[in-house]
Amino acid sequence: MELINALPEDCLTSILCFTSPQDACRSSKVSAEFQSAADSDAVWEKFLPSDYRRIVADSVPALLFSSKKELYRKLCDSVLVAGGRKRFKLEKLSGKICYELAARDLSITWSSESMYWAWTSLPESRFSEVAVLRTMSWLEIQGKINTQMLTPNTKYGAYLVLKISDRAFGLDLMPSEVSVQVGSNEERHNTAYLRRQRNSHVDFMETLMYGHRTEALKSMVAGGGGEGRLPAERDDGWLEMEIGEFFSGEKSEEVKMGLKEVKGHHLKGGLIVHGIEIRPKY
């Protein structure tokens with residue numbers, strides 16, 4: 001240890017640049033020499049995304065920081081970018097990039113028609129507006145992101161962040177179709193049900209009364225096998241439902257993520273759309 005501490009600070013800095021944010025924080029407890037190197041801008045700039053200057057310039061409100069380590073911590077807390085239509089975040093331990101696309105950044109069919117959709121603000125939302133489905137038979141939501149905005153060579157999951165109001169209707173009468181497509185690759189499909197988790201007695205009664213009808217409807221949806229995905233509760237009070245997963249490689253490719261239910265032809269309402277979150281999947 002004495003030999004390591006005898007190394008010049010720039011050597012310690014060079015070594016720490018090849019570690020991780022977690023390792024750099026741990027090493028700062030070894031000695032005063034390590035702490036000085038671990039807190040340096042040279043180390044933490046290595047952990048920041050290559051386009052961090054663009055993120056800082058695009059942040060709303062403007063980011064204020066006195067060191068690259070402080071900037072890293074603030075990016076781990078998430079910042080709004082793109083005029084408040086996207087939320088950028090770094091994973092604290094790995095430094096991998098996460099994004100959430102606000103409802104306003106998504107393509108939602110007929111969302112500009114007040115008869116079908118309402119735009120409103122909620123105190124628990126990280127964005128200025130969320131989309132609320134009033135009543136409509138055609139439900140189609142799509143988001144897009146380029147792999148160059150994400151961490152290369154990383155497996156990602158895409159999740160619809162939502163709420164279902166107490167007066168929701170028609171959302172789970174027929175399974176929705178969720179899909180992810182990367183570039184010109186084949187689109188991957190699955191089924192999902194827009195409903196909150198319910199007790200087993202309610203599920204048993206519905207299966208008893210509508211089981212055959214449900215299976216018939218499932219067969220009309222691409223990827224209709226299996227039980228279908230359900231929204232899961234998050235720590236922030238919202239629900240999330242996995243749309244699908246994809247791999248972010250080295251080249252630039254557009255990723256399309258979506259949910260739709262356009263075959264039931266029945267009215268539905270009470271869905272509250274916060275956005276689509278894209279984060280590393282382990």
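The values are calculated or read from the model by the stated rules, or taken from the named source; none is laboratory data. It should be emphasised that the depicted structure is a prediction, and the values quoted were computed from it without experimental measurement. We place every Cβ from the backbone using ideal geometry, glycine too, and count neighbours over all the protein chains shown. Calculation scope for accessible area: heavy atoms of the full protein, side chains included, ligands and nucleic acids excluded. Shrake-Rupley method; radii C 1.70, N 1.55, O 1.52, S 1.80 Å.
Pop a pseudo-label 7 angstrom from the Cα along the beta-carbon direction at both residue 234 and residue 184 and give the gap in nm to one decimal.
For residue 234 paired with residue 184, the spin-label model returns 3.5 nm.
Take 149, 136 and sort them by solvent-accessible surface of the protein heavy atoms, 1.4 Å probe, largest at the top.
149, 136
In whole percent, and with a 1.4 Å probe on the protein chains, what portion of the accessible area of the stretch 230-281 is carbon and sulfur?
Values: 1020 of 2140 Å².
Whole-percent figure for carbon plus sulfur exposure: 48.
Could you state the number of Å between the C-alpha centres of the stretch 136-165 and the stretch 60-98?
19 Å
When the convex hull of the Cα atoms of the stretch 132-185 is projected onto a plane and the area is averaged over all directions, what value comes out in nm²? Can you show the working numbers first?
Values: hull surface 22.0 nm².
Its Cα hull, projected and averaged over all orientations, spans 5.5 nm².
To the nearest 10 square angstrom, what accessible area does residue 140 show with a 1.4 Å probe?
60 Å²
Enumerate by residue number the chymotrypsin sites (Phe, Trp or Tyr not before Pro) in the stretch 65-118 meeting two conditions: DSSP loop (anything except H, G, I, E, B), and at most 16 other Cβ atoms within 10 Å of the site's Cβ.
Working: sites: 65, 72, 88, 99, 110, 116, 117; in loops: 65, 110, 116.
Filter output for the stretch 65-118: 65, 110.
Roll a 1.4 Å probe over the protein heavy atoms and report the accessible area of residue 173 in Å², nearest 10.
Solvent-accessible area, nearest 10 Å²: 80 Å².
In the structure shown, do any of 96/144; 256/281; 46/251; 251/281; 89/155; 68/144 have a Cα-Cα gap over 23 Å, and if so which? Numbers along the way, then the final one.
Numbers: 96/144 19 Å; 256/281 17 Å; 46/251 21 Å; 251/281 19 Å; 89/155 16 Å; 68/144 30 Å.
Cα-Cα > 23 Å for 68/144; rest within.
Please turn the phi angles of the stretch 49-58 into ³J(HN,Hα) values with the Karplus equation 6.51 cos²θ - 1.76 cosθ + 1.60 (θ = phi - 60°), one per residue in order, whole Hz, x for glycine and proline.
Computed from phi, the couplings for the stretch 49-58 are x, 4, 9, 4, 5, 5, 4, 4, 5, 9 Hz.
Count the net charge of all other residues whose Cβ sits under 9 Å from the Cβ of residue 104, scoring Lys and Arg as +1 and Asp and Glu as -1. Before the final figure, lay out the partial values.
Working: positive: 85; negative: 105, 129.
With Lys, Arg at +1 and Asp, Glu at -1, the net is -1.
How far, in nm, would the chain grow between residue 50 and residue 137 when pulled straight, counting 0.36 nm per residue and subtracting the alpha carbon separation? Could you put the intermediate results ahead of the total?
Working: separation 87, 0.36 × 87 = 31.32 nm, distance 4.39 nm.
Going from the current span to full extension adds 26.9 nm.
Calculated FRET efficiency, residue 250 and residue 113, Cβ-Cβ r, R0 45 Å, to nearest 0.05?
Working: r = 41 Å, r/R0 = 0.91.
The formula returns an efficiency of 0.65 here.
What shape does the stretch 57-119 take by its C-alpha gyration tensor, where a ≥ b ≥ c are the square roots of the eigenvalues and a/c under 1.5 counts as rounded, a/b above b/c as prolate, and the rest as oblate? Write out the running numbers ahead of the final one.
Working: a/c = 4.51, a/b = 2.41, b/c = 1.87.
Prolate, because a/c is 1.5 or more and a/b exceeds b/c.
Between residue 64 and residue 166, with labels modelled 7 Å along Cα→Cβ, what's the label distance in nm to one decimal, could you check?
Using points 7 Å along Cα→Cβ, the separation is 4.2 nm.
Suppose R0 equals 30 Å. What FRET efficiency, 1/(1 + (r/R0)^6) with r the Cβ-Cβ distance, do residue 76 and residue 148 give to the nearest 0.05? All intermediate terms of the calculation are to be shown ahead of the outcome.
Details: r = 21 Å, r/R0 = 0.71.
After rounding to 0.05, the efficiency reads 0.90.
Along the principal axes of its C-alpha atoms, what lengths does the stretch 50-196 span, in descending order and rounded to whole Å?
52, 37, 26 Å, listed from the longest principal axis down.
I'd like the projected area of the stretch 20-128, averaged over all directions, using the convex hull of its alpha carbons. Report it in nm² with one decimal. It would help to have the intermediate numbers written out before the result.
Details: hull surface 33.2 nm².
The directionally averaged projection comes out at 8.3 nm².
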